Amino acid sequence: MPRAIVIGGGLAGMAAALALHESGFEIEIFEARNRPGGRAGSIRVEGVPEWIDAGQHILLGCCRNLLDFYRRLGVRHLIRFHDEYVFVEPGGRRWVLATGGSGPARLAAFLRLGSLGLRDKLAILRAMAVVRHELARREDLDAVSMGAWLASHRQTPRALARFWRPLMVSALNEEPERVSAWHALQALWLIFLASPGGARLGVPTVPLGEIYSEERWRAFPNIAFRLGTRVERVLTEGCRIAGIQARGAIHRADAYVLATPVEQARALVPRLDLPKLEMSPIVAVHLWFERPVMDLPQAALLDRTVQWAFNKHEGRYVQLVVSAARRPASLSNEAAVGLALRELGEFFPLARTVRLERALLVKQMRATFSPVPGLRTRRPANRTTLANLFLAGDWTDTGWPATMEGAVRSGYLAAEAATCAANIPARFLIPDPAP
Ligand SMILES: Cc1cc2nc3c(=O)[nH]c(=O)nc-3n(C[C@H](O)[C@H](O)[C@H](O)COP(=O)(O)OP(=O)(O)OC[C@H]3O[C@@H](n4cnc5c(N)ncnc54)[C@H](O)[C@@H]3O)c2cc1C
């Protein structure tokens, strides 16, 4: 039985391990933290009885490989899909956008959306109408920012403020001016145009850590987690990896998948010359109230700093999310919590009067890489110049931005490359529909 070592137990490493398991490998996953999941994991907070997600994670219907990974792991039922988005204005006015149904039904739902005027909607539809064509034909899209692309497609100020910016920031964790038009158009294509259901909003019904708890992995006896075990060194010998060192001991395998974030990968194997990526922060503000303050499962918040509110428990525990959060990340914790609480009160007035029992701010300064213009061709492939080393991680060349789907795709691609090198080639990646 061929043996593989996976370094990093985030989604990329876990997806690589599951795929390799299917090809008959015996796998050890070395993970520095005490739990699997990486950035898409849960944390314990003193005084809070349950695990909480440091940052709320959502997925969309177009995340084909992530859903496939959940199916393989037997946890697909833990994701609840919602067929509508609720947009809330300051003051509390609500607008619902249904995402289900045929193309004409979705178009009609969009035309009914009251948070935008007719001119805004027509401008958006005009831009949407050229997405497929430009994606398929234009060679220079990755050199252009989405901000410039939108300007050249004459978008209205309200369409920019209430549609394009929230969409880019939520899907790509970056401002339109800093996003490559290629990445943005690819996201538009997959979410809205490529297939029905691409925009459906998937929300885990349990903390992320429960989705891939150690218990779930017991169903896969050939996958062993070495939790709390940081890989200290990767040993090379000529054009191969000879082993890894963790807790002073050397471990060897036939294939190695390096699935850490890019900066750790660069430090572990300097000769790969991996790119330096610009990173973008995400701030999550967790608020626990004495009584319920929120009556929706989740809401997209318009015209303010906070972009999303998630009802985590009976409307009493609310998580607020700010993506591309450079400004709130620069505030003191107290000021950032104050800002979030004030804004929540503008959308859900009960938050102004119900007593706040506890607040927790989680700032992740290196949450995801920024999909800036010019990055597309700099992302490394899953094969490397070392014959038995394969790269995984949301930062590798997956065609996707830094997302759970991107991470799973990278794991599958690394596993495909490893099975090929072992002469037992297998396919795991579910390709996206071409434009
Ligand atoms: C706050 C926040 C919110 C997000 N929201 C969303 C969302 O809503 N939807 C979405 O799709 N994506 C979201 N993302 C992005 C998503 O979490 C990531 O793209 C994805 O989880 C990356 O997975 P990964 O396996 O590539 O990397 P990671 O999850 O970073 O995993 C790498 C692992 O390697 C381990 N490691 C590092 N060095 C070593 C070492 N030397 N030895 C052993 N182990 C090591 C780390 O501990 C880590 O567990 C969010 C990210 C953040 C931070």
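The values are calculated or read from the model by the stated rules, or taken from the named source; none is laboratory data. In this text the structure is predicted, and so the values were computed from the model without any measurement. Positions of Cβ are generated from backbone atoms using ideal geometry, with glycine treated the same way; all protein chains shown enter the neighbour counts.
See the values below:
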item	result
Of residues in the stretch 360-384 being within 30 Å of residue 421 (Cα to Cα) and among the basic types (Lys, Arg), the one nearest to the ligand (Cβ to nearest atom)	379
Whichever residue in the stretch 249-263 is more than 15 Å from the ligand (Cβ to nearest atom) and surrounded by fewer than 20 Cβ atoms within 10 Å (Cβ to Cβ) and, among such residues, is nearest to residue 17 (Cα to Cα)	254
Checklist (1) of a type in the set (Gly, Ala, Ser); (2) closer than 23 Å to residue 432 by Cβ; (3) more than 18 Å from the chain's Cα centre (by Cα) applied to residue 161, failing item	(2)
Qualifying residues in the stretch 256-296 (those that are assigned by TED's automatic domain parsing to the domain that holds residue 361 and aromatic (Phe, Trp, Tyr)) - the one nearest to residue 236 (Cα to Cα)	288
Among (1) more than 27 Å from the chain's Cα centre (by Cα); (2) loosely packed, with under 12 Cβ neighbours inside 10 Å; (3) modelled with pLDDT of 95 or more, the one test that residue 123 misses	(2)
Residue selected from the stretch 297-323 under the condition surrounded by fewer than 18 Cβ atoms within 10 Å (Cβ to Cβ) and either without any contact (Cβ under 8 Å) to a residue 24 or more places away in the chain or outside the structural domain of residue 345 (by TED's automatic domain parsing) (or both), by the criterion nearest to the chain's Cα centre (by Cα)	313
In the stretch 226-248, the residues that are more than 12 Å from residue 386 (Cα to Cα) and surrounded by fewer than 20 Cβ atoms within 10 Å (Cβ to Cβ)	226, 227, 228, 230, 232, 233, 243, 245, 246, 247, 248
Helices (runs of 4 or more DSSP H) within the stretch 1-118 that include 2 or more residues of a type in the set (D, E, K, R)	64-73, 103-112
Yes/no for residue 366 being farther than 21 Å from residue 50 by Cβ, at pLDDT 95 or above and either in a helix (DSSP H, G or I) or of a type outside the set (A, V, I, L, M, F, W, C) (or both)	yes
Unmet criterion (only one of (1) more than 14 Å from the ligand (Cβ to nearest atom); (2) of a type in the set (A, V, I, L, M, F, W, C); (3) farther than 24 Å from residue 366 by Cβ) for residue 45	(3)
Failed condition for residue 187, given (1) in a helix (DSSP H, G or I); (2) surrounded by fewer than 18 Cβ atoms within 10 Å (Cβ to Cβ); (3) within 14 Å of the ligand (Cβ to nearest atom)	(2)
Test result for residue 314, in contact with a Pro (Cβ under 8 Å, 6 or more places away or on another chain) and farther than 16 Å from residue 286 by Cβ	no
Every pair of residues 6+ apart whose Cβ atoms lie under 7 Å, when the first sits in the stretch 50-76 and is over 24 Å from residue 189 (Cα atoms) and without any contact (Cβ under 8 Å) to a residue 60 or more places away in the chain while the second is of a type in the set (A, V, I, L, M, F, W, C) and away from the ligand (no atom under 11 Å from the Cβ)	72/18; 76/67
Test for residue 267: is it within 9 Å of the ligand (Cβ to nearest atom), without any contact (Cβ under 8 Å) to a residue 60 or more places away in the chain and over 30 Å from residue 356 (Cβ atoms)	yes
Filtered residues of the stretch 1-33 (kept if surrounded by fewer than 24 Cβ atoms within 10 Å (Cβ to Cβ) and away from the ligand (no atom under 16 Å from the Cβ))	1, 2, 3, 21, 22, 23, 24, 26
Strands (runs of 3 or more DSSP E) (entirely within the stretch 218-318) containing at least 1 residues that are among the acidic types (Asp, Glu) and either modelled with pLDDT of 95 or more or in contact with a strand residue (DSSP E or B) (Cβ under 6 Å, 6 or more places away or on another chain) (or both)	231-237
Selection count, the stretch 48-76, where residues are surrounded by fewer than 20 Cβ atoms within 10 Å (Cβ to Cβ) and either of a type in the set (Phe, Trp, Tyr) or in the same structural domain as residue 321 (by TED's automatic domain parsing) (or both)	1
